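Here is the structure we will look at, set down as structure tokens.
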Amino acid sequence: MKNIQLNDTHVELGAKMVPFAGYNMPLQYEGVSAEHIHVREQVGVFDVSHMGEFFVSGPGSLNFLQQVTSNDVSKLTDGKVQYSCLPNLDGGIVDDLLVYCIAENNYLLVVNASNMQKDWDWLMKFKGDDVVMENKSDDYSLFAVQGPSAVKALQSLTEINLTDMVYYTFEIGLFANVEEVIVSATGYTGAGGFEIYVKNKDAQKVWDAIMESGAEANIKPIGLGARDTLRTEMGFCLYGNDIDDTTSPIEAGLGWITKFTKDFTNSSNLKVQKEEGVRQRLVGFVMQDRGIARQAYVINDADGNTIGRVTSGTQSPLTKKSIGMGYVAKSHSKADSEIFVEIRGKQVKAVVQRPPFL
Amino acid sequence: MNFPSELKYTKDHEWIRIEGDIATVGITDFAQSELGDIVFVEIETEGEELDKEEVFGSVEAVKTVSDLFMPISGEIMEFNSSLESAPEVVNQDPYGEGWMIKIRISDASELDALLDVETYKSEAGV
């Protein structure tokens with residue numbers, strides 16, 4: 001089990017630390033519900049330094065990334081970010097990731113910690129001699145400052161005009177008197193805000209600066225528990241829950257990042273799926289009767305026939321609604337379709353609804 | 001973390017307060033802390049006669065769900081209906097307002113198998 005750079009800081013802040021993807025990570029400080037609401041209404045900072053950072057350079061980089069990712073990397077210009085996935089050869093997904101275009105043929109890939117080694121091995125299989133890949137995951141910390149007061153919390157730390165930053169863009173610059181910090185207008189909460197990539201040697205300094213400058217905006221540390229409920233409320237996919245080695249990006253509703261303007265791994269098969277339609281779809285749902293859907297619970301139709309399975313579920317700390325995501329047969333994938341989640345032997349009614357569940 | 005010495009405990013992180021032939025049951029401070037924010041307690045076994053280790057209900061937290069087990073055999077005389085509208089009191093006051101059921105003890109010899117506070121703490125590693 002590895003420790004992230006600021007492990008001791010989180011313990012001092014009262015975090016409950018849990019093993020996650022090979023790292024001891026802060027699960028919660030004050031409590032998931034309070035932290036969730038704090039991010040939606042004010043601002044919080046997540047230490048998500050377990051995430052993996054691969055730097056890709058060399059003259060073949062664009063062609064390589066066009067081959068291994070599903071989104072169209074040629075659309076990226078310097079300073080832009082793209083959500084994408086790495087399709088496998090069997091119809092599933094190796095991982096989902098962010099692709100940062102730093103300069104021509106110079107990219108940063110941000111991958112899930114739980115898939116870091118798998119992704120690395122997969123990418124190395126397709127990489128030519130004209131591409132250099134460096135795994136800098138052990139050198140970088142990542143702080144996600146999320147919430148409506150994020151600009152207020154951070155603006156005093158940088159000359160970068162945070163208010164004017166467009167969603168899914170980034171700048172590299174001076175931040176908290178530290179050079180070469182990557183300030184990215186991205187996040188996994190739907191609450192707005194920034195993700196700040198810093199080298200480990202500067203991590204403590206930057207964290208302390210964020211906490212200090214954010215004090216007036218009432219910034220609080222937020223754990224992975226609230227990160228999960230926040231992303232579920234938005235209907236964002238979590239690898240290992242909603243997408244995995246066996247789920248198709250088309251079925252998962254990731255058609256918008258699956259671009260057939262180019263060839264990529266397994267693109268011909270995925271194109272057939274897109275054209276002919278898929279048998280099941282990832283949908284969001286809201287429970288109508290009491291009960292919380294959990295990963296792997298069975299989904300049935302009104303007659304008790306199994307039509308799918310739950311991939312994520314929780315009670316929204318904000319709305320108190322019991323919400324979830326899961327794969328269901330296409331016949332039941334339209335909004336307002338009635339489905340039944342089997343919870344410890346009981347059929348509990350739910351209705352398909354398009355996220356976000358706010 | 002708080003573990004009152006006058007209570008009995010189980011390895012499933014429940015506490016039992018024995019008064020005559022009535023046992024009041026709840027979950028320990030350790031259990032509520034591990035579960036995190038509790039969003040509802042489901043107990044639909046009032047009036048039923050259940051054996052030791054049978055499931056009498058469940059606790060749903062934001063992150064996870066946990067079954068509730070009978071610490072001893074007996075009839076479930078009452079459940080704490082105030083938890084229906086205020087499940088968070090299990091987090092706030094697990095040994096008081098957060099109690100879950102009252103059991104009429106059917107076999108007093110089963111009480112010997114319950115853990116005292118020191119044994120519970122060492123078994124739970126708390």
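The values are calculated or read from the model by the stated rules, or taken from the named source; none is laboratory data. What you see is a predicted model; the values in this text were computed from it and never measured. Note: ideal-geometry Cβ built from the backbone for every residue, glycine included; neighbour counts use all protein chains shown. Note: areas computed on protein heavy atoms with side chains; ligands, DNA, RNA excluded. Shrake-Rupley method; radii C 1.70, N 1.55, O 1.52, S 1.80 Å.
Tabulated data for the structure shown
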{"item": "Residue A:123 being within 14 Å of the chain's Cα centre (by Cα) and open to solvent by less than 10 Å² (accessible area, probe 1.4 Å)", "result": "no"}
{"item": "Positions within segment A:298-313 being surrounded by fewer than 21 Cβ atoms within 10 Å (Cβ to Cβ) and either touching a residue at least 24 places away in the same chain (Cβ under 8 Å) or over 26 Å from the mean Cα position of the chain (by Cα) (or both), in sequence order", "result": "A:298, A:300, A:301, A:302, A:303, A:304, A:305, A:306"}
{"item": "Residues (touching a helix residue (DSSP H, G or I) at 6+ places or on another chain (Cβ under 7 Å) and closer than 13 Å to residue B:66 by Cα) located in segment B:1-54", "result": "B:13, B:27, B:32, B:36, B:37, B:38, B:41"}
{"item": "Tally, over segment B:50-102, of residues that are under 11 Å from the mean Cα position of the chain (by Cα) and of a type in the set (Lys, Arg)", "result": "1"}
{"item": "Those residues of segment B:85-96 which are in contact with a strand residue (DSSP E or B) (Cβ under 8 Å, 6 or more places away or on another chain), open to solvent by 30 Å² or more (accessible area, probe 1.4 Å) and not in a helix (DSSP H, G or I), in sequence order", "result": "B:88"}
{"item": "Some residue of segment A:198-211 being closer than 21 Å to residue A:110 by Cβ and not in a helix (DSSP H, G or I)", "result": "yes"}
{"item": "Filter result for residue A:89 (in contact (Cβ under 8 Å) with a residue 60 or more places away in the chain and either open to solvent by 40 Å² or more (accessible area, probe 1.4 Å) or not in a loop (DSSP other than H, G, I, E, B) (or both))", "result": "yes"}
{"item": "Checking residue B:99 against (1) modelled with pLDDT of 95 or more; (2) assigned to a loop (DSSP other than H, G, I, E, B); (3) open to solvent by 50 Å² or more (accessible area, probe 1.4 Å), the condition it does not meet", "result": "(3)"}
{"item": "Any chance residue B:82 is of a type in the set (S, T, N, Q), away from chain A (no Cβ under 14 Å) and not in a loop (DSSP other than H, G, I, E, B)", "result": "yes"}
